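Right, I'll just put the structure down here and ask away after.
The values are calculated or read from the model by the stated rules, or taken from the named source; none is laboratory data. Because the structure is a prediction, the values reported are computed rather than measured. Heads up, the Cβs are rebuilt from the backbone with ideal geometry, glycines too, and the neighbour counts pull from every protein chain shown.
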């Protein structure tokens, strides 16, 4: 067997291995599946305000090396800033300076790399590295979604957002134009990005589901833990503190507060315990951030997954992919199902506003028959990651100098 080749990657997410948001799920799932090919050693540099020097961690065959956000840390100490959540205002202001410092530190290593993979819609890492004189490797860039389409829609409704949209377009072009291959999670993201940015080569790698079952037997083991079949179980996965998740949590609590408690069970996961003050119905549970195995159980015992997000957002919602991989029916907004395969549509109730969402939930509760717990098309993990096989083949080939990716290797797929 040939010795492992090396893939270097960079992301500004502080702990992508935790998979606490859809973006982190995508990053770690793609990298860990590349690493598990056993022919590629994956080394990831990420940045965090919570380390002083550097820390390393191996997770699922991926080696993460975390570097400090030195400029952010310095400014936060001077200003006594203590709101250290992801993408707080100070983190946004200092982001590119911290990224420049990391690019400077790693420039000699990047010059020896054959492949560099970058994750993050706001990253200028490879552009900065080239400006600092690093030799140019093959660059695979994953902006995680075409966020430009979201800003475009927002700016049409609010003229004050136009400068932000224009600045983002200018910065994003620097990274996309410098990439040899750009990855997008759905065909809609790809087609919009091709019109906006005209990348050299862009391909679709669908978002993997963050939770799946190793086998149908594992799924049935968790499903058997449900003890109440007299009412439907609903679940809302709201993993990260994003505006879309906040909207979903608030709307869901408001709708279910007005329903008879004996007619349903609602489970909400994610860092939203501060929303407990709005809960007035004893059948609503806010469980906070739960371990992966517990999440498998919660999905297995549930009947319906929820995604009532009615403001535009980029990419395919990972929560919806998770519901579908666990065999749940789904009640979701039109924005939540962007980019999904049409084969899934028979399992999705699309709702267009809060009132329609409320009506659909009431209809389900009123028509639910005791003991009804049919599940549909639960998929094992091995089935969900097949889309990554061609990307892994590309990485291995490029690492070995065969250059398949630039000569039309993916033309047959698109």
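Counting residues that are on the phi < 0 side of the Ramachandran plot, crowded, with 17+ Cβ neighbours inside 10 Å and in contact with a strand residue (DSSP E or B) (Cβ under 8 Å, 6 or more places away or on another chain), which helices (runs of 4 or more DSSP H) fully inside segment 1-119 reach at least 2? Quick ask: steps written out before the conclusion?
On the way: elements: 22-35, 70-79, 89-111.
The helices (runs of 4 or more DSSP H) meeting that bar are 22-35, 89-111.
Could I ask something else about it? Exactly one condition in (1) assigned to a helix (DSSP H, G or I); (2) out of contact with any strand residue (DSSP E or B) (no Cβ under 6 Å at 6 or more places or on another chain) is false for residue 219; which is it?
In the conditions (1) assigned to a helix (DSSP H, G or I); (2) out of contact with any strand residue (DSSP E or B) (no Cβ under 6 Å at 6 or more places or on another chain), residue 219 misses (2) alone.
Each row is one residue, and each column tells you yes or no for (1) touching a residue at least 12 places away in the same chain (Cβ under 8 Å); (2) under 26 Å from the mean Cα position of the chain (by Cα); (3) farther than 17 Å from residue 52 by Cβ; (4) not assigned by TED's automatic domain parsing to the domain that holds residue 23.
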residue: 67; (1), (2), (3), (4): yes, yes, no, no
residue: 74; (1), (2), (3), (4): no, no, no, no
residue: 80; (1), (2), (3), (4): no, no, yes, no
residue: 85; (1), (2), (3), (4): yes, yes, yes, no
residue: 88; (1), (2), (3), (4): no, yes, yes, no
residue: 99; (1), (2), (3), (4): yes, yes, yes, no
residue: 108; (1), (2), (3), (4): yes, no, yes, no
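Can you say whether residue 392 is modelled with pLDDT of 85 or more, part of a helix (DSSP H, G or I) and surrounded by fewer than 20 Cβ atoms within 10 Å (Cβ to Cβ), as far as the supplied structure shows? Give the steps one after another, and end with the answer.
Numbers: modelled with pLDDT of 85 or more: no; part of a helix (DSSP H, G or I): yes; surrounded by fewer than 20 Cβ atoms within 10 Å (Cβ to Cβ): yes.
No; evaluated as a whole, the condition is false for this residue.
From the list 241, 195, which one is assigned to a helix (DSSP H, G or I) and surrounded by fewer than 18 Cβ atoms within 10 Å (Cβ to Cβ)?
Numbers: 241 fails: assigned to a helix (DSSP H, G or I).
Just a single option satisfies the conditions, and that option is 195.
Considering each residue of segment 250-295, count those that are surrounded by 20 or more Cβ atoms within 10 Å (Cβ to Cβ) and assigned to a helix (DSSP H, G or I), and give that number.
6
Among the residues that make up segment 343-350, is at least one of them at pLDDT below 80, within 22 Å of the chain's Cα centre (by Cα) and surrounded by 15 or more Cβ atoms within 10 Å (Cβ to Cβ)?
Step one: filter segment 343-350 for residues at pLDDT below 80, giving 343-346.
Next, from what is left, pick out any that are within 22 Å of the chain's Cα centre (by Cα): 343-345.
The next check asks that each one be surrounded by 15 or more Cβ atoms within 10 Å (Cβ to Cβ); those that pass are 344.
Yes: one or more hits.
Take the residues of segment 148-182 that are under 25 Å from residue 392 (Cα atoms) and part of a helix (DSSP H, G or I): which is modelled with the lowest pLDDT?
Taking segment 148-182 and keeping what is under 25 Å from residue 392 (Cα atoms), we get 175-182.
Retained after the next criterion (residues that are part of a helix (DSSP H, G or I)): 175-177.
Numbers: 175: 89, 176: 89, 177: 86.
Filtering segment 148-182 for residues that are under 25 Å from residue 392 (Cα atoms) and part of a helix (DSSP H, G or I), the one modelled with the lowest pLDDT comes out as 177.
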